[in-house]
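> Please read through the structure below; I'll follow up with questions.
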């Protein structure tokens, strides 16, 4: 993935996203908005770091959009006048979750097997069911990361001028002072409990339908796309699977625009952001 880190264009929004699929999908649902220049950030952490760097360099028109993954979303503060962030974290697990629409998949030109929307929906539900323990494990790992990594020691200020100040900066930090307690409670028994509780939560998401927002959209989309499309029978087969999935995302985006089903948080993001730039 080629990253473009040249200075942003004045008067236009420069939006860093994680990958080509996100870029191509947003272009479709925003109907090729001319006020936005898309750039690739090379993943979640890459987008955050690049946007932060441009912000520190004084560029007011640089923003980012990232998957939520196993972090917290900041969706509730997207349009707050008091917000301090430039990277918008999606309220769904990842961008592919917006594509898990059986009717849109059924309408795709890539669907060359005789499958109904009901069958496509059933396939996605089946894949989601298989991901329950995987999702529970990932949630547990995310909790352990939060325990041991957040809030990590901040960079020191220039007031740190001797050994004592340096030691105090590290050892008096909230991260360092909680380490012993976190290590004491993070036992094998505790991991068993976390996994069990998270698995119960994942089953509940299957039952109430929220798996469509919270499970691994990328894995589910790839599974159902590979099942409904025989790529060997395509008139023009994409060179890579990544290209195939990006092309499918564009078709779904166009379908959502035509059928007025573009996700509300995404349709609201562009005009509000543009009006404040």
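Only the coordinates and a few stated rules stand behind these numbers; no lab work does. Given the structure is predicted, the values throughout are model-derived calculations rather than measurements. Note that we place each Cβ from the backbone using ideal geometry, even for glycine, and neighbour counts take in every protein chain shown.
> How much of the pair distance distribution for segment 60-120 lies past 16 Å, counting alpha-carbon pairs only, in percent?
That tail contains 58 percent of the Cα-Cα pairs.
> If only Cα atoms are counted, what is the Rg of segment 12-159, and what is its Dmax, in Å?
Just the Cα atoms of segment 12-159 yield Rg and Dmax of 18.7, 69 Å.
> Going highest first, how would you order 218-224, 179-185 by mean Cβ packing within 10 Å?
Answer by packing, highest mean first, reads 218-224, 179-185.
> Over the chain, with a single point scatterer placed on each C-alpha, what log10 of the ratio I(q)/I(0) does the Debye formula yield at q = 0.09, 0.10, 0.11, 0.14 1/Å?
Relative scattering, expressed as log10 I(q)/I(0), comes to -0.53, -0.65, -0.77, -1.13.
> Something else: Rg/Rh for segment 215-271: what does it come to with C-alpha atoms and Rh from Kirkwood? Write out the running numbers ahead of the final one.
Numbers: Rg = 13.5 Å, Rh = 13.0 Å.
Radius of gyration over Kirkwood radius for segment 215-271 works out to 1.04.
> Among 157, 116, 267, which one shows the highest mean-square fluctuation when the chain is modelled as a Gaussian network with alpha-carbon springs under 10 Å?
Looking only at 157, 116, 267, the largest GNM fluctuation is found for 157.
> For segment 77-189, take the convex hull of the Cα atoms, compute a quarter of its surface area, and give me that in nm², please.
Orientation-averaged projected area of the Cα hull: 13.0 nm².
> Based on the Kirkwood radius over alpha-carbon pairs, what is the Stokes-Einstein translational diffusion coefficient of segment 1-48 at 25 °C with 0.890 mPa s viscosity, in µm²/s? Before the final figure, lay out the partial values.
Working: Rh = 11.1 Å.
Using the Kirkwood radius from Cα pairs, D works out to 221 µm²/s.
> Seen from all sides and averaged, what is the projected area of the convex hull of the Cα atoms in segment 135-268, in nm²?
Working: hull surface 59.5 nm².
Here the figure is 14.9 nm², rounded to one decimal.
> What's the long-distance tail for segment 1-96, i.e. % of Cα pairs beyond 17 Å?
It works out to 49 percent of all Cα pairs.
> Further, regarding this structure: Report D for segment 186-234 in µm² per second (integer): Stokes-Einstein, Kirkwood Rh on Cα pairs, 4 °C, 1.567 mPa s.
98
> Name the residue, out of 129, 84, 14, whose mean-square fluctuation peaks in a Gaussian network model built on the chain with Cα pairs under 10 Å.
84
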